[in-house]
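Derivation of every value follows stated rules applied to the coordinates shown; laboratory data play no part. Source: prediction; values computed, not measured. A quick note on method: Cβ atoms are made from the backbone with ideal geometry, for glycine too, and the neighbour counts reach across all protein chains shown.
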Amino acid sequence: MKAGRKRIFKRQSSSSSGSWLDPTPLLLSSTLSTGEVNRLLQHYGFTKCEQADANLQTMAGNPEERHALAGILRKMLLYIAETADPDQALNAWEHFVASGIQRRTLFQFLAQSPRMLHQLCMIFGNSPAMSETLIRDPMLIYWLEEIKADVDVPSQKDMEAHLRESLRAVTTYERKCDVIRRFRRREMLRLGLRDLLSVGDVIETATALTHLATVLIQVVYDLVHAELAITHGLPHHQDRHGRWVETGFVVMGMGKLGGGELNYSSDVDLVYLYEKSEGHTLGTHAHVTVSNEEYFEKLAREMTRVMTEGSDEGAIFRVDLRLRPEGDVGGLAHALDDAVQYYRTRGRDWERMAFVKSYPIAGNKSVGLKFLRRIRTFIVGTPDMSSQEFLKSVRLLKSKIQIKLLRRGEERRHVKLGFGGIREIEFLVQAQQLLHAQQHPQVLERNTLKALRRLQNAHILPENVVRRLTASYRFLRDLEHKLQIVNELQTHTLPRDLQEVSRCAVRMGYQKGPSYHEAAQRLLDDYNGHTTIVHQSYVQYIGS
């Protein structure tokens, strides 16, 4: 929003502490020239000085509020100067102040809480997505102050307890769905803030994001299952003794979800399975009895709808179900026997690799563990399987990905799928696991970094290779996080614009230089170094 400068106060004498200029004349002087305004704003890293000045004047409000803002202005601009995009930060500040919160109360609160002032500047100058969360719900700043996001990260158990407590306060189904969506948005704010403040490293962030997803999927399952049971009763089948028992359903987490490695904008890869197709629903209050197959298909479809469909509170997740038996063909939920038969008779090498990371995350987890035991031979293979044929299939899979990236001109810039990217580390690790799992079953581990250590302990990969791949994986995953935290979009590609690369570098903790080119070049040099190391290892162990 544009606003004229309000020249209502006499100019105060400039004072400085260290090398930073006193910015309060921007609000309290009536005689600053355009050149003086620009000099002060450029000093704090602003490039769009006219817009930044308009932001400040609009934020200032009435004379009393203007004085209150002037009291925190120096610290505010110092904190903003640390961020990736100071111009964006001040623009977000203007929108936040105009979002309905009482200005004088806000400025007084921030004067008493420089920690919160710093945190808000970090959010506003680094992530429009997180900024929008606060602009839509400005009272969240008091929640952030209360939970001390820069100190503690909640456990999975605590997350679930807090969400279930919130759900008890509402009664209708759709309102409960919105409570889950709102909870997800709030927790993403907490975890993103920790990441921006560098109090949580990339592994902590990925683990916490996975814990959050696991809680959300479990609670969605409980909600949908309970709602369907009102209409249909609960699904049952006869056990081997002829007794009617409840039929279990499980949600298998795949990919980064199964490995405890989610990022900010991951799809969640899921497979829905249920214990028995024979049987039907039972319940004294059930209105419509349906077969187990129909019940679990309804359950899977409604769970997917609740997670993917947005409301004013946003959406929970994008859900990818392509790893299920038959892929995009057929139903969403599969009976255990049918799934086992599919993988034993028709499963392909890429599906073997995918199931290395599979784990039950919601529903009846014993059903999921039983499923994994039954397909273990499919996953680890048999002694007569050809290692060379398997490696050939891995190379073919990677080459298909490479061809697509080359067509788009992204082969050297795609952090996930490109030259020396995250996928090369994952393929290397999963291939070595499957090549050696029969002799060394202990190498089967879902998490990539833990799997690297197990491969080292089994003397399959040497210590120097594991050390380099670990460092490169951490770097690339952090880079991926900082690309996605901006707008919470599923992007994995380094920007072509050097200024955008520089902003990404600042989010990662690189120091700003006199020119934005310096931070960008340091990041690109490190990126090229890591991807070269990864690709050399990939070629050594998988082939070219």
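Side notes on the structure shown:
- Positive contributions from Lys and Arg (+1) and negative ones from Asp and Glu (-1), summed over other residues with Cβ under 15 Å from the Cβ of L523, come out at +3.
- Only helices enter this figure: runs of n ≥ 4 DSSP H residues, each worth -39500 (n - 2.57), summed and divided by the residues of the chain, yield -19000 deg cm²/dmol at 222 nm to the nearest 500.
- Normalised contact order of the chain, rounded percent, pairs of Cα under 8 Å and 6 or more residues apart: 11 percent
- Gap separating the Cα centres of region 109-125 and region 354-392, nearest whole Å: 48 Å
- Partner lysines for K256 [C-alpha distance under 16 Å; skip if fewer than 8 residues away on the same chain]: K357, K416, K450
- Alpha carbon centroid spacing (whole Å) that separates region 173-205 from region 257-282: 21 Å
- For region 376-387, putting each phi into the Karplus relation 6.51 cos²θ - 1.76 cosθ + 1.60 with θ = phi - 60° gives couplings of 4, 4, 4, 5, 7, x, 10, x, 7, 6, 7, 5 Hz, in residue order, rounded to whole numbers and with x for Gly and Pro.
- Folded to 0 to 90 degrees: helix 422-436 orientation relative to the chain principal axis, Cα: 30 degrees
- Exposure proxy ranking for E278, E132, based on other Cβ atoms within 10 angstrom of each Cβ and starting from the fewest, stands as E278, E132.
- For H280, distant residues with modelled amide H under 5 Å away: H236, N292
- When only the Cβ of Lys, Arg, Asp and Glu is charged (+1, +1, -1, -1), the dipole of region 387-541 relative to its Cα centre reaches about 220 debye.
- For K75, a cut-off of 13 angstrom between C-alpha atoms picks up these aspartates and glutamates, skipping any fewer than 8 places away in its own chain: D22.
- Across region 235-243, computed HN-Hα scalar couplings (Karplus, 6.51 cos²θ - 1.76 cosθ + 1.60, θ = phi - 60°) run x, 9, 9, 8, 7, 5, 9, x, 8 Hz from first to last residue, x flagging Gly and Pro.
- Cα-based reach from K276 at 20 Å (exclusive), listing lysines while leaving out same-chain residues under 8 positions away: K298, K365, K370
- Computed from backbone phi with θ = phi - 60° and the Karplus coefficients 6.51, -1.76 and 1.60, the 3J(HN,Hα) list for region 511-520 is 6, 5, x, x, 10, 5, 4, 5, 5, 4 Hz; x is used for glycine and proline.
- Sum of side-chain charges, I460 neighbourhood, beta-carbon under 15 Å (Lys, Arg +1; Asp, Glu -1): +2
- Amide H partners (placed H, <5 Å) of T493, local residues excluded: V415
- When the trypsin sites (Lys or Arg not before Pro) in region 197-302 are filtered for DSSP coil states and for at most 12 other beta-carbon atoms within 10 Å of their beta-carbon, the remaining sites are R240, R243.
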